[in-house]
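The values are calculated or read from the model by the stated rules, or taken from the named source; none is laboratory data. Predicted model, so just to flag it, every value in this text is computed and none were measured. Note: ideal-geometry Cβ built from the backbone for every residue, glycine included; neighbour counts use all protein chains shown.
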Amino acid sequence: MKGVVAAGDERTAKAGLWALEHGGNAYDAVVGALFAAHLAEPALTSPAGGGFILSSDARGQSEFYDFFVDVPSADGVEQKDFFPIEVDFGSAVQVFHVGHASIAVPGIVRGLIDIHSEKGRLPLADVLQPAIDLARSGFHLSPFQAYTLRLLEPIYRSGEASRALYLRDNRLVNESDLFTNPEYGDFISELGRQGGELFYSGEVAELIDAINRVNGGLLRREHLQGYRTNRAEPIRFAFKEYEVITSPPPSLGGFLLRFTFNLLSGRLNETEWGSLTHIGHLAEAMCITQKFRKEGLGRYFAKDNGSCSDPDAATLARYADLYGKAINRLGNTTHISITDADGNAVSCTSSNGEGAGVIIPGTGVMLNNMLGEEDLNPNGFFQWPAGIRLPSMMAPTIILKNGAPHLVLGSSGSNRIRSAILQTVINMLCFDQSIEQAVQNQRVHFENDVIYLEPGFHEDVVAAVEREWTAVLFAEKNLFFGGVHAVTGDLQGAADRRRDGFVATTG
């Protein structure tokens, strides 16, 4: 089937393309692509992490699959294996917490198995074959993926099994090494035969339970057995003549993205891209959204179950009236966007946090450290009720035109996810840019009263921005500003060069 895949790595995209070329659809392709991403983008995603898929078809029927991580119970665990690791980003040092007690209940395997069984065409074993072959034959990491591993090197050195997998002669594997992970190939090969029960109640579940019981972890087999993919109605709203659909709670990314779009509605008419007016509107909208997140979001987000209610019209109006008056640097996520000739569209964002430094024995799979992410635990570590699905800023998004997929996108980048998606959509829908221009053009980001700018804006605009706000000017385009991978309904694609993205299309 004809189609296009935009992803964070060439191997990821080509694994999805393989499914399309062998008679599969966009749903087969996203499953194959993400299982390959776990190899090719190991610092960003894992079968033992979590994520979201937003899908739509030619009839405009849309579904949201939530397979982000759950919080396990800490009952009976007195000595938790939970410790800080410092990561040096050059401009700053950031602390992450890892160890067995940082591991939340993984959801990716369940989510991908579910979407494949409901919507895929090819046998699961066939869809997984490119990733199996890649794991066994080996490949060279891209420079960007090698860089992400170097950033997180203290985590990869923290466990014996992770050292065995990712170190060569006591140095971290890099782009010059042939990287293999045959145990991962064996694991997903068996997954293709047994299905998700292998991971959630079978042999792998028993291994996860065992290593956590003896090492101060919280995760148990019963937590895995109780995990389910949640399905929810996506958030929908109008923007210009388009319909935007995006992730609902407990992902807060889509909720806040809609808030920002509402603030910008009608304000960019007759505005020139890159002008001070354009940049000013973006900065103020981001500033007010952040203000709402800090001051007002708590009234709409239910801590006990992760649900969100909509702000009323008066609240929206009050924050809109502020117009004119008014950081995790890496963001360990990755994104895949796919469309096919049948009109199917899939937007998938996933993450493993930074990784817990813990490998599931015999699988080559690193477990997540979501319970050690400060961004996901704003009230302190181990404060969420057991069983809740953690909130996230991930926001897979699809733009519909006349009910059919027009633009499919998402981004990595922690708090920059929303600003990267926002600017890409606005570039296309308001400034009539091509998908390539919209993804690659320079970006801004506003956070904590500071505006960050990539190079390329006119010097007069930059000078005016510096007079108005505290500004940080980057010398070159930077992964800090996210990584948008996008495709269109007419099978065009663009992948963010900030993060070595790659587009694969059928012939």
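A few notes on this one:
- Taken over the range 442-454, the criterion of being out of contact with any Ser or Thr (no Cβ under 6 Å at 6 or more places or on another chain) and crowded, with 19+ Cβ neighbours inside 10 Å is satisfied by 443, 444, 446, 451, 452, 453, 454.
- Annotation: residue 232 fulfils all but one of (1) within 20 Å of residue 114 (Cβ to Cβ); (2) in contact with a Gly (Cβ under 7 Å, 6 or more places away or on another chain); the unmet one is (2).
- Test: residue 202 is at pLDDT 95 or above, in contact with a His (Cβ under 9 Å, 6 or more places away or on another chain) and within 30 Å of residue 79 (Cβ to Cβ): no
Let's see how each residue does on (1) surrounded by fewer than 19 Cβ atoms within 10 Å (Cβ to Cβ); (2) in a helix (DSSP H, G or I):
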site	(1), (2)
207	yes, yes
218	no, no
237	yes, no
245	no, no
256	no, yes
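- Some residue of the range 118-130 being in contact with a strand residue (DSSP E or B) (Cβ under 7 Å, 6 or more places away or on another chain) and in the same structural domain as residue 207 (by TED's automatic domain parsing): no
- Scanning the range 109-120 turns up no residue that is in a loop (DSSP other than H, G, I, E, B), within 22 Å of the chain's Cα centre (by Cα) and either within 30 Å of residue 215 (Cα to Cα) or polar (S, T, N, Q) (or both).
- The listed residues are 433, 442, and the only one of them that is modelled with pLDDT of 95 or more, assigned to a loop (DSSP other than H, G, I, E, B) and closer than 23 Å to residue 143 by Cβ turns out to be 442.
- Residues of the range 83-128 satisfying the condition of being among the aliphatic types (A, V, I, L, M) and out of contact with any Gly (no Cβ under 7 Å at 6 or more places or on another chain): 85, 87, 92, 93, 95, 104, 105, 112, 115
- Residue list for the range 36-63, restricted to those being assigned to a strand (DSSP E or B) and either buried (at least 24 other Cβ atoms within 10 Å of the Cβ) or not assigned by TED's automatic domain parsing to the domain that holds residue 341 (or both): 50, 51, 52, 53, 54, 55, 56
- The single condition among (1) of a type in the set (Asp, Glu); (2) at pLDDT 70 or above; (3) exposed (fewer than 15 other Cβ atoms within 10 Å of the Cβ) that residue 375 does not meet is (3).
- All positions within the range 363-403 that are of a type in the set (Gly, Ala, Ser) and over 17 Å from residue 221 (Cα atoms): 364, 372, 380, 392, 395, 403
- In the range 465-475 there is no residue matching the filter, namely being within 25 Å of residue 234 (Cβ to Cβ) and surrounded by fewer than 19 Cβ atoms within 10 Å (Cβ to Cβ).
- Within the range 253-291, considering residues that are in contact with a strand residue (DSSP E or B) (Cβ under 7 Å, 6 or more places away or on another chain) and of a type in the set (A, V, I, L, M, F, W, C), the one farthest from residue 376 (Cα to Cα): 279
- Filtered residue count, the range 44-64, keeping only those that are over 14 Å from residue 410 (Cβ atoms) and either in contact with a helix residue (DSSP H, G or I) (Cβ under 8 Å, 6 or more places away or on another chain) or charged (D, E, K, R) (or both): 8
- Flag if residue 418 is within 19 Å of the chain's Cα centre (by Cα), crowded, with 20+ Cβ neighbours inside 10 Å and either at pLDDT 95 or above or in the same structural domain as residue 476 (by TED's automatic domain parsing) (or both): yes
- Residue in the range 437-460 that is more than 17 Å from residue 480 (Cα to Cα), β-branched (Val, Ile, Thr) and in contact with a strand residue (DSSP E or B) (Cβ under 8 Å, 6 or more places away or on another chain) present: no
- Against the test of being under 29 Å from residue 294 (Cα atoms) and part of a strand (DSSP E or B), the options 494, 471, 464, 504 yield a single qualifying residue, 471.
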